[in-house]
Amino acid sequence: MTTTKFHPEPYTQALTTKSVSYESPSNIALIKYWGKHGIQIPKNPSISFTLNNCKTTTTLSYEKRSEPGDAYELKVILDGKHKPGFEPKIHQFFGRIEAYLPFIKDYAFTIETSNSFPHSSGIASSASGLSALALCLMEMEREMQPDMTLKHFKQKASFIARLGSGSGCRSLEGPIMVWGEHADVDGSSDVYGVQYPYQIHSVFDHYQDTILLVDKGEKPVSSTVGHNLMHNHAYAASRFDQAVENLSRIIPILQEGDLDGFVTLVESEALTLHAMMLTSNPYFILMKPNTLHIIDKIWEYRRETGVPVCFTLDAGANVHVLYPEKDKEAVQEFIKNDLSKYCQDNRYIFDNVGNGAIKL
Ligand code: DP6
């Protein structure tokens with residue numbers, strides 16, 4: 001692993017700006033990251049669609065501290081309101097990244113952030129939020145080190161995002177990202193995400209993802225607790241091997257536009273993720289009855305119409321409904337008529353595959 005390359009060269013320029021803003025999207029894994037070791041090193045490689053509409057917008061303002069102390073100086077503002085409850089997580093993140101971005105001790109930061117999706121939606125904002133913050137910090141570093149290459153900027157921004165949120169390292173670019181070293185994916189790494197480097201069939205252009213908000217409540221298991229369940233898990237070793245194999249299998253599927261292969265692989269990955277939780281110690285059921293109703297309806301619709309719509313899940317009850325753009329009208333009608341009733345307050349979010357973060 002090449003983490004030493006992320007220790008900065010001496011800075012050559014002074015910082016003259018006072019703030020920087022980025023928006024960064026969420027992403028949905030097709031092959032799931034579940035299990036980590038060390039500091040956010042994945043136990044298996046993963047691949048994801050970058051989303052377009054579900055995103056975090058962050059403005060990072062900074063002022064040089066007159067007397068830098070040991071503790072970081074930072075304030076988190078969410079939707080215009082000071083949220084001290086979010087600050088310990090950022091302090092922990094800063095602790096992890098200080099060796100790579102040593103200037104963070106010298107500044108007092110205000111992090112103003114807002115999400116395009118409702119806070120109570122059950123959609124995790126850590127991937128989009130921490131990737132946006134990582135990019136803002138990297139923009140500060142780039143100003144102090146203007147000869148930094150774009151490649152280094154992207155790799156290091158993803159590396160920094162990973163230290164805050166594993167899956168966040170896959171949010172910076174799109175449409176498809178890979179994180180975790182894999183023999184078949186050139187340039188892949190355990191310490192940062194990379195843009196999927198091979199041909200992608202046009203059927204996946206603007207691929208649709210409608211997120212059905214089945215349960216907006218707090219998740220009963222945090223992602224860190226969840227990942228830790230894979231230590232001493234009876235099926236862990238075979239699961240990690242399976243993810244490696246699935247990543248090899250998805251390459252021709254993406255290249256040939258093999259939607260039957262895609263549907264089978266993606267649904268199997270989602271169910272395997274939940275199977276890992278069902279069989280861990282302690283065990284969890286993160287699906288709700290309505291999650292299963294939705295899955296049933298999707299299968300019935302696919303059988304009857306032949307439309308290659310499928311589902312995936314993250315570590316919660318919400319369902320991501322994935323389908324090609326050309327079937328958008330029919331599937332969205334199906335969602336409104338047959339699936340929305342299983343969502344809390346009939347709520348769902350139309351999204352599609354996007355190209356990653358943008359500097360504002
Ligand atoms: C089920 O990235 O939220 O969504 O590394 O602890 O921040 P941390 O975990 P996180 O885990 C995401 C798990 C997942 C699958 C995935 O996105 O690959």
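The values are calculated or read from the model by the stated rules, or taken from the named source; none is laboratory data. None of the values given here were measured: they were computed from a predicted structure. With ideal geometry, Cβ positions are generated from the backbone for all residues, glycine too; neighbour counts draw on all protein chains shown. For the accessible areas, the whole protein counts, side chains as well, though only heavy atoms, and no ligand, DNA or RNA atoms are used. Shrake-Rupley method; radii C 1.70, N 1.55, O 1.52, S 1.80 Å.
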Hey, ASP205 open to solvent by 30 Å² or more (accessible area, probe 1.4 Å) and of a type in the set (Asp, Glu) or not: yes
Selected residue (criterion: nearest to the chain's Cα centre (by Cα)) from residues of region 120-151 that are without any contact (Cβ under 8 Å) to a residue 40 or more places away in the chain and assigned to a helix (DSSP H, G or I): LEU130
Top-ranked residue of region 178-216 - restricted to ones that are in contact with a Cys (Cβ under 8 Å, 6 or more places away or on another chain) and under 30 Å from ARG347 (Cα atoms), ranked as nearest to the ligand (Cβ to nearest atom): ILE211
Candidate set from region 74-107 (those that are among the β-branched types (Val, Ile, Thr) and in contact with a Leu (Cβ under 9 Å, 6 or more places away or on another chain)); member that is farthest from SER222 (Cα to Cα): ILE104
Unique match (being in contact with a Lys or Arg (Cβ under 6 Å, 6 or more places away or on another chain) and either within 18 Å of THR113 (Cβ to Cβ) or within 16 Å of the ligand (Cβ to nearest atom) (or both)) among TYR22, TYR33: TYR22
Hey, LEU265 in contact with a strand residue (DSSP E or B) (Cβ under 8 Å, 6 or more places away or on another chain), open to solvent by less than 10 Å² (accessible area, probe 1.4 Å), away from the ligand (no atom under 16 Å from the Cβ) and touching a residue at least 24 places away in the same chain (Cβ under 8 Å) or not: no
PRO220 vs. criteria away from the ligand (no atom under 13 Å from the Cβ) and farther than 28 Å from ARG303 by Cβ: yes
Residue satisfying all of: in region 91-106; buried (at least 19 other Cβ atoms within 10 Å of the Cβ) and free of Cβ contacts under 8 Å to residues at least 60 places away in the same chain; nearest to the chain's Cα centre (by Cα) among these: PHE94
Candidates GLU143, GLU181 - the one that is surrounded by fewer than 22 Cβ atoms within 10 Å (Cβ to Cβ) and either aromatic (Phe, Trp, Tyr) or under 16 Å from PRO8 (Cβ atoms) (or both): GLU143
Qualifying residue in region 44-65 (condition: in contact (Cβ under 8 Å) with a residue 60 or more places away in the chain and outside any strand (DSSP E or B)): yes
